[in-house]
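Have a look at the structure below before the remarks.
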Amino acid sequence: MTDGSLDAPVRRRRRSTPASRFVRRLRQLRRERPRLVVLAGFGVVALLAVLWTVWTVWATNRDLARVRDSATIMRAALVRADADGARAAMADYREAAESARDHTSGPTWAVLEALPLFGDDAEGVATVAEVLDDIGTDGLGPIADAADLVTAETFQPDDGRFPVEQITAMQEPARQSEQAFDDAATTLAKVDSSHFVGPVRNQFDRLRTLVDDARGTLGSTYRAARMIPRMMGTDRPRYYLMVLQNNAELRSGGGLPGALSLVRMKDGRVDIVEQMDMSELAKTSRAPVVTLTDEEDRIFGRILNLAAVDATLTPDFQRSAEIIRKRWERGVGGRLDGMFFVDPVAVSYLLRGTGPVVVPGYRPVNSGNVVWGVENEIYRLTNDREIHSDYQQAVAKAVFNAFAAGRGDSAESIRGLVTGVMEGRIRMASFEADNEAEIAGTMIAGEFSDKASKDPGVGIFINDGGPTKMQYYLKYDARVISRSCVGDRQVISGAIDFHSDTPPDARALPPSITGEGYRHQRVEPGDQLLVIYVTSPVDGDVTELSIDGQRVAHPVVERLAGRGLVRIGLEFQPQERHSVEFVMSSGPEQTGDVRLSVTPGAFPSSSNGTVPSSCTVR
């Protein structure tokens, strides 16, 4: 044997590899056992099909997770008025949504939809992918366009004038987006998710809720874009009364109505043209201005109709606005086109955007001191009611003028106003039919309707019975939970904890705070007396009531606007705590999430919110 040469046997051994041996074995099997080879071929194909299906499901899940994350990022960018960030997130959303739709519209997914047990789930996921892709194509672009307008600060007022032209330009983008989300909500509503596997059903129902919420938000934006130009007097001057409520003396609607400012709006320009205190308006007449219902007369008494400062005893802001309007037009004259309610905590949120504001004749106010100044300090400094009124009117006018002049960060100011609406601190009534129809049923309207909805509403409304300005020191926190779902009714339990967080000198506070010497005074100096209304959902009832852990044997349940109502009186000494617990039932077919509304206090944040329904598995 010489170098470079191999004999035949050696060459055959070197050419034998695992692959070649496998091929020879297959040929042998094909000759000896042909059926086994065919079955093995089918097995390989089936395995590849399963692997492809698993990959498709995994890729779809990955895409939908990207969609969710991109939507979250886009929402955050929109909140901070970051148009570039919103567009970048929107591009990622669209790419992921399109990919998810591609994965769920091919033959592989069609096979999954035909499978028993999981077919409904696969079909539901395909519907979700289709809806999300449609939203990305038709719904998000106009929103990003609107973000460009906000980022350019074209909505920011300048020298007392709001840019109604730019606000009007929002109508079409808002309409397009609302239509896209409305179509998506309609598509999702047609899907019966009750047969889906638990995790799929939960995610599907969550998406449906999110789409409904987004549709509602866009609907509000569209309404605002239509309504604000009319409010701003593009066809004729409008006059709105701004009512500053004082949380230091609580009423169901938020607080005693104090400083009144008449705002004139014409061609986008806004000016305060007249101011007075509610106590001055009360002096013009104590005659009734409306006819009370039997329920109102029984629960709130004639004082609701006679005492101007008690117009907000009712939790129905539309009714309070009607009473104040009638009293204003009788006592002052002139036509009112609408009314705004706002409290000092909402003013503090607004001041986060404007920055500190100079108040002529007084110290400047900022987001950290305005509540203390308006609701406590001025009463500590003097018992003179005229000075109290003058200061509160001066603060209201100075902050209003600063906002109308375009001071500071307009996006932050708008966020503050939105927070005020969410917490029940800012409410609006319109006395024009078109605008009234626009806000009907929205949060800013603050209605206390007797019409039931699928989402049961629970109310806890707090009133000072002193009368005092002691609720500046009152802290409270409320909560509810849906305990069970029996048929189509929910059983709801809840509680509210109170703390009279008074200073060490509570007994020595001036009469302007304690109410000492007032002829209707019902408590000792430093004490508080609260009258609390707890209301059930429409067509529901209050079934159990406990105070400080002691069960009330037979609570008296009255009716107000179709709801069960119990009233509780609590008296507090300095630093005393009390709690109220309750159980109630919703009305029939009220299987949605439970909404809680609580009178806002003289402190930031609120117990207002929504808790999950027990009729839905999540």
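Among the chymotrypsin sites (Phe, Trp or Tyr not before Pro) within the range 510-618, which fall in a DSSP loop and have no more than 13 other Cβ atoms within 10 Å of their own Cβ? Taking the range 510-618 and a limit of 13 other Cβ atoms within 10 Å, the loop chymotrypsin sites (Phe, Trp or Tyr not before Pro) found are Tyr518.
Can you divide the C-alpha Rg of the range 394-553 by 2.2 N^0.38 Å and report the result to two decimal places?
Numbers: Rg = 20.4 Å, N = 160, 2.2 N^0.38 = 15.1 Å.
Ratio of Rg to 2.2 N^0.38 Å for the range 394-553: 1.35.
Computed over the range 399-440, the convex hull of the alpha-carbon atoms projects to a mean area of 3.9 nm². Electrostatic bookkeeping for Arg335 treats Lys and Arg as +1 and Asp and Glu as -1; over the other residues with beta carbon under 10 Å from its beta carbon, the sum is 0. Multiplying the residue separation of Val418 and Thr209 by 0.36 nm and removing their Cα-Cα distance gives an extension gain of 73.2 nm. Here is the result for the range 354-419: no trypsin sites (Lys or Arg not before Pro) lie in DSSP coil with at most 13 other C-beta atoms within 10 angstrom of their C-beta. Calculated on C-alpha atoms, the gyration radius of the range 294-400 divided by its Kirkwood radius gives an Rg/Rh of 1.03.
Less than 5 angstrom separates the built amide H of Ser367 from none of the residues sequence-distant by 5 or more or on a different chain. Note on Lys326/Tyr518: beta-carbon distance plugged into 1/(1 + (r/R0)^6) with R0 of 25 Å gives a FRET efficiency of 0.40.
Calculate I(q)/I(0) for the range 553-618 by the Debye formula, one identical point scatterer on each C-alpha and no solvent, and give its log10 at q = 0.18, 0.23, 0.29 Å⁻¹ to two decimals. Each listed q corresponds, in turn, to -1.04, -1.31, -1.36. Using bins of 5 Å that start at zero, the share of Cα-Cα pairs per bin across the range 544-585 amounts to 5, 18, 28, 21, 15, 8, 3, 1, in whole %.
Seen from all sides and averaged, what is the projected area of the convex hull of the Cα atoms in the range 467-562, in nm²?
Here the figure is 8.4 nm², rounded to one decimal.
With 29 Å as the limit on Cα-Cα distance, the pairs of Lys283/Lys469; Lys397/Lys451; Lys326/Lys397; Lys283/Lys451; Lys283/Lys397; Lys326/Lys475 that go past it are Lys397/Lys451; Lys283/Lys451; Lys326/Lys475. Within straight-line reach of Lys454, meaning a Cα separation under 28 Å, sit the following lysines at least 8 residues removed in sequence or on another chain: Lys190. Using a simple spin-label model with pseudo-atoms 7 Å out from Cα toward Cβ, Asp235 and Arg551 lie 6.1 nm apart.
Among the trypsin sites (Lys or Arg not before Pro) found in the range 232-337, those both in a DSSP coil and sparsely packed, with 15 or fewer other Cβ atoms within 10 Å of their Cβ, are Arg286, Arg302, Arg335. Remark: the Asp455-Arg483 segment gains 8.6 nm on full extension, using 0.36 nm per residue and subtracting the alpha carbon distance. A cut-off under 11 angstrom between Cβ atoms defines the neighbours of Glu386, and their net charge, with Lys, Arg +1 and Asp, Glu -1, is -3.
The label point for Asp182 and the one for Arg298, both projected 7 Å from the Cα toward the Cβ, are 4.1 nm apart.
In this label model, Arg380 and Glu274 are separated by 3.6 nm, measuring between points 7 Å along each Cα→Cβ vector. Taking only the Cα atoms of the range 367-459, the ratio Rg/Rh comes out at 1.07, with Rh defined as the Kirkwood radius.
All of the numbers you see were taken from the coordinates with simple rules; none came from a lab. Worth saying up front: this structure is predicted, and the values here are computed from it rather than measured. Cβ coordinates were reconstructed from backbone atoms using ideal geometry, including for glycine residues, and neighbour counts include every protein chain displayed.
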